[in-house]
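I have placed the structure first, in the form of structure tokens, so that the comments after it can refer back to it.
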Amino acid sequence: MQTGADSARMAAMAGAPVSAAQLAEARRLLRTDPTATVSLARRMIAATPSALEPAFLLGAALRRVGDLRGAITVLAPLAAARPSVWGLQYEHG
């Protein structure tokens with residue numbers, strides 16, 4: 001799970017206009033309903049493809065619903081591009 005500092009750093013790096021409310025809802029859903037998080041994260045990515053945190057949330061949610069191949073596909077390029085974001089590295093494995 002990422003920390004607030006990781007979240008802020010990821011949002012700043014991405015520079016994308018995903019709303020704070022959407023991200024908060026996706027983070028909340030990740031803990032309680034990862035299937036819903038997959039759907040929400042995909043919608044955010046469709047609207048703003050360059051946003052980092054929605055992609056991270058999608059990968060984390062895919063892992064939690066058992067789609068390990070999908071999670072790795074999403075998380076591997078993010079982790080390779082951002083080795084200093086420990087929450088992302090942890091989620092990627």
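For this structure, a couple of remarks:
- The selection criterion, being part of a helix (DSSP H, G or I), within 12 Å of the chain's Cα centre (by Cα) and surrounded by fewer than 17 Cβ atoms within 10 Å (Cβ to Cβ), holds for Arg42.
- Inside the range 53-93, residues that are among the acidic types (Asp, Glu) and at pLDDT below 95 make up a count of 2.
- If you go through the range 51-63 and keep only what is in contact (Cβ under 8 Å) with a residue 24 or more places away in the chain and open to solvent by less than 80 Å² (accessible area, probe 1.4 Å), you end up with Ala51, Leu52, Glu53, Pro54, Phe56, Leu57, Gly59, Ala60, Ala61, Leu62.
- Beta carbons closer than 6 Å, at least 6 apart along the sequence or on distinct chains, pair a first residue in the range 64-82 that is assigned to a loop (DSSP other than H, G, I, E, B) with a second that is open to solvent by less than 80 Å² (accessible area, probe 1.4 Å) for Val65/Pro34; Arg82/Leu88.
- Failed condition for Gln22, given (1) touching a helix residue (DSSP H, G or I) at 6+ places or on another chain (Cβ under 9 Å); (2) of a type in the set (S, T, N, Q); (3) at pLDDT 95 or above: (3)
- First in the range 16-44 and under 12 Å from Val65 (Cα atoms), second anywhere and open to solvent by 50 Å² or more (accessible area, probe 1.4 Å) and not in a helix (DSSP H, G or I), Cβ under 9 Å, 6 or more apart: Leu30/Met1; Arg31/Met1; Pro34/Val65; Thr35/Val65; Thr37/Val65; Val38/Val65; Val38/Asp67
The values are calculated or read from the model by the stated rules, or taken from the named source; none is laboratory data. These figures come from a predicted structure and were not determined experimentally. We place every Cβ from the backbone using ideal geometry, glycine too, and count neighbours over all the protein chains shown. SASA here: full protein model, heavy atoms, side chains in, ligands and nucleic acids out. Shrake-Rupley method; radii C 1.70, N 1.55, O 1.52, S 1.80 Å.
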